[in-house]
Each structure stands twice: as C-alpha cells, then as structure tokens.
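To keep things clear, I will list the structure first and then write my remarks on it.
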Amino acid sequence: MSTLPQPMSNSNTTGKLTVTILSAYDLDTSTAPQSITLTVGDEVVGSTSAPSARHKEKKAFKYNQKLVYSAPLGVFYSSNALLTVQFSPDSVLGGGEDQTAQQLEAEFPINSLHVNEPQWIILNLRKKGDDSTTAGTDTVEDGTVPTLRIKANLEGSYRPEVAAMLHSSKAWFNLVDGLHSNLPSIEMNIKEIPQKYPVVKFFLIPAVPLAAIVVALLPVIAGILIVGLPFFLPFLVVLAGFVASILGIGAILYYSTPEGRGKVLNLVHPVASHLISTPVGQRLVYDTGARPSPKSMAQLVLPGSDDMVAKLLASLAIDFVGSCSYLLPGVGEAFDLAWAPTQTIMISAMYDESTPSLKYVSFIEEILPFTDVVPSATIGWSKEYAPVLLSIGQQKVHEIIVAARREKDVAFAK
C-alpha cells in the first residue's frame with residue numbers, strides 16, 4: 001500500500017498542467033468577458049470561449065472550461081502561470097477615463113502546486129500592466145476584489161530511483177503475500193507432527209537435562225564473560241551483529257506481511273504526507289529538475305531556529321554520536337570517516353546563518369583522530385543563543401533589582 005499519489009501512466013519526464021476555469025467573481029463590469037487566456041512562462045497555452053452562464057450575482061460568470069499544457073516537469077517548476085481575462089473593446093473597467101478595452105490578470109507560481117494532487121485556488125485579479133496595487137489585487141467601486149476561481153492539477157512522473165524503488169517494493173510485497181497466504185496450512189501441518197509422529201516426543205528426554213545444565217552454568221558463563229570482557233569483546237560484537245541481522249531479517253519479513261504493513265503505514269503515512277507536501281519533498285520524489293541538496297534535506301528534518309530546546313537536544317545528540325568512536329578505539333576512527341561529512345551537513349543546515357565557518361571546524365575535528373571530544377554542534381548552539389539568553393538573564397536581574405529596591409523603599413516608608 002503506497003502513501004504516494006499516483007503518477008502519470010507514462011514513465012518519461014513529461015508533465016501536464018490542467019487548469020479548469022470555474023468562475024469569475026466581482027468583476028467591475030456586467031459585460032461578460034470574451035475569453036480567459038492561460039500563459040505558462042512565455043508560451044501562450046490557449047483561451048477559453050465565452051462563459052457558459054451568468055451567476056445570480058450580476059458581475060459573476062461560470063466557465064467550467066479546461067486549458068491543458070504539456071511540458072517537462074522541470075519547465076513547469078521554473079515558470080509562472082498567467083491568466084488573463086479579456087473583455088470586448090467597448091467594455092469599460094473601473095469607470096476610468098480610458099475607454100479602450102482593458103484586461104484583468106492573475107499570476108501564480110506553478111511550483112506552489114503539489115504534483116498529482118488537484119488544488120482549488122482563488123486568485124485576486126488586477127488590471128493588466130498595473131503594478132501599483134498591493135499583493136496583485138484590485139478593488140472595484142464597492143470595495144470588493146475581483147477574483148478568478150480555478151482548479152489546477154499538475155501531473156508528473158516520479159524520479160527514476162523512486163519509481164524503481166516503488167516497483168521493487170510492489171514485487172516484494174506480492175511475493176510475501178503469496179507466501180503468507182500459505183502459512184496457515186504450514187502451521188497446521190507443524191501442529192499435527194506430534195500426532196502423526198509420536199517418536200518426536202522422545203527427544204524431550206535428553207533435552208530436559210541439557211536445559212537444566214545450561215541454566216545451572218549461566219552464572220559461571222556470566223562470570224567468565226565479565227572477567228574476560230576485553231578478550232571476548234570482539235566476539236561479542238560479532239555475535240551482537242549476527243543477532244541483530246537475524247532480528248532485522250525477521251522484522252523485514254514481518255513488516256512485509258499485510259498485517260505488518262498496516263502497522264507501518266499508520267506510522268509512516270503522516271510523515272510521508274508531510275514530506276511530500278514540502279517543496280523539498282516535491283523535488284526529492286518527482287522529476288522536477290535538479291535534486292534537492294543534502295543541506296536542504298537536512299533542514300527539512302532538523303529543528304529550526306524558532307525551537308531553541310529542540311535544537312539543543314539535536315546538537316547534543318550529534319556530539320554524542322560523534323564521540324561514540326571512543327568506545328571502540330581504532331574501529332571508531334574508521335566510523336568517523338563516514339560520520340564526518342554527515343555531521344558537517346547537519347551543522348551546516350542548523351548553524352550556517354549564525355556561524356558559517358562552524359561546518360569546517362566540525363569536519364576537521366571529526367575527521368582527525370582524538371579530537372571528537374570537541375562539541376561542535378553545542379558550540380554552534382551556544383554561539384547562536386548565548387547572546388539571547390544573556391540578554392534575558394540581564395533583564396531578569398534588572399527586574400529583580402528594581403523589585404528589591406521597591407520593597408526596600410516600602411519597608412523604610414513604614
């Protein structure tokens with residue numbers, strides 16, 4: 001079960017923009033517009049015909065007409081959509097002295113749309129060529145704003161790696177579902193083994209004393225492991241890795257079943273929906289052109305400057321992971337080779353605005369041996385928030401001093 005919207009059926013990079021003109025409201029003339037033209041970038045896509053009906057309101061018109069344009073998804077993401085409402089030459093807009101034909105227009109960036117998700121939009125109209133209005137709006141005599149109501153749908157395909165991952169996941173889930181459907185009969189056969197083969201019960205005779213011996217030797221084994229921990233540590237690490245691999249394989253198999261997928265989906269769906277709704281997520285999942293940078297992806301996950309406590313916890317966690325290399329001397333330094341660029345990207349995402357040079361310090365202290373003790377991320381947090389905290393502290397101290405003086409004056413007055 002996928003949490004992603006369904007892409008276009010074709011697998012190439014062509015996208016399609018469908019703009020349905022629903023209605024125009026609160027125009028400054030009761031005369032119906034001749035047409036509404038859609039322009040994408042410098043390309044004139046097409047125009048509607050006259051409105052299909054007039055609303056109950058005198059200056060509102062219904063359309064329900066579609067304008068469709070196909071182009072690479074990357075072209076759409078770098079372009080704006082311009083909608084121009086055209087009137088006949090004898091129409092007068094706004095009661096001005098200019099009696100010539102006038103036009104109203106509205107514009108929106110196409111990359112504000114979510115790919116493969118229809119959106120209903122209300123656009124404020126302004127007079128064509130009039131840049132003096134605020135936020136692209138114009139008002140009519142009674143103070144209302146003329147608007148254009150549209151339904152926009154930007155369609156496109158997933159990136160090749162995302163499409164391949166979804167295709168492989170679907171094939172894997174189909175395989176697991178086929179095996180899972182046969183599990184009940186296999187389980188029933190296992191339960192019937194003691195009935196069909198009574199000799200199996202005799203294996204319990206040697207198993208019971210062996211289990212008792214193992215339980216009795218557990219304290220001895222634990223003592224030996226504690227005394228010889230430096231010698232057994234590499235073997236314990238290998239054993240822990242083996243056990244973790246077995247548990248991981250078991251977890252993958254379980255969460256690939258319909259029941260397991262349902263549990264995962266309940267947790268993943270909100271996160272995936274939020275990811276896809278962001279500009280970085282759209283560029284990551286869909287073939288919109290250049291991929292998002294690692295820094296922008298890290299900024300999507302890490303806390304921002306508006307959450308001081310969460311940023312402190314994230315900084316402490318980053319420094320803790322960086323210092324974990326001291327747990328396994330030699331092996332940990334090899335881990336630093338992979339962690340150094342990762343930590344640098346995260347620190348760059350969090351502290352580039354306040355301390356641009358911190359990412360270089362972070363990379364150097366993480367890549368060099370025996371320097372992981374330097375808390376680069378926490379230093380960045382202190383550099384960003386220490387002045388604010390000191391200012392708040394000074395203000396609180398000042399308030400306490402003022403309050404103490406007032407109490408003193410009141411006491412002497414009595």
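Below, the figures for the structure above:
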| item | result |
| --- | --- |
| All positions within region 342-388 that are of a type outside the set (Val, Ile, Thr), more than 27 Å from Pro292 (Cα to Cα) and outside any helix (DSSP H, G or I) | Leu368, Pro369, Phe370, Asp372, Pro375 |
| Single match in Asp138, Asp131 (criterion: assigned to a loop (DSSP other than H, G, I, E, B), at pLDDT below 90 and open to solvent by less than 40 Å² (accessible area, probe 1.4 Å)) | Asp138 |
| Candidates Ile276, Ile246, Ile224 - the one that is over 30 Å from Val176 (Cα atoms), of a type outside the set (D, E, K, R) and in a helix (DSSP H, G or I) | Ile224 |
| Among the candidates Ser391, Ser315, residue that is small (Gly, Ala, Ser), modelled with pLDDT of 90 or more and assigned to a helix (DSSP H, G or I) | Ser315 |
| Among residues of region 270-311, those that are open to solvent by 50 Å² or more (accessible area, probe 1.4 Å) and either in contact with a Gly (Cβ under 6 Å, 6 or more places away or on another chain) or not small (Gly, Ala, Ser) (or both), counted | 18 |
| Restricting region 17-32 to residues that are open to solvent by less than 10 Å² (accessible area, probe 1.4 Å) and over 19 Å from Val145 (Cβ atoms), the residue that is farthest from the chain's Cα centre (by Cα) | Val19 |
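Conditions tested, residue by residue: (1) of a type in the set (Ser, Thr, Tyr); (2) open to solvent by 30 Å² or more (accessible area, probe 1.4 Å); (3) in contact with a His (Cβ under 8 Å, 6 or more places away or on another chain).
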| residue | (1), (2), (3) |
| --- | --- |
| Glu333 | no, yes, no |
| Ala340 | no, no, no |
| Thr355 | yes, no, no |
| Gly380 | no, no, no |
| Val388 | no, yes, no |
| Ala404 | no, yes, no |
| Glu407 | no, yes, no |
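The values are calculated or read from the model by the stated rules, or taken from the named source; none is laboratory data. Bear in mind the structure is a predicted one, so any value in this text is a computation, not a measurement. Cβ coordinates were reconstructed from backbone atoms using ideal geometry, including for glycine residues, and neighbour counts include every protein chain displayed. All accessible areas refer to the heavy atoms of the entire protein, side chains included, with ligands and DNA or RNA removed. Shrake-Rupley method; radii C 1.70, N 1.55, O 1.52, S 1.80 Å.
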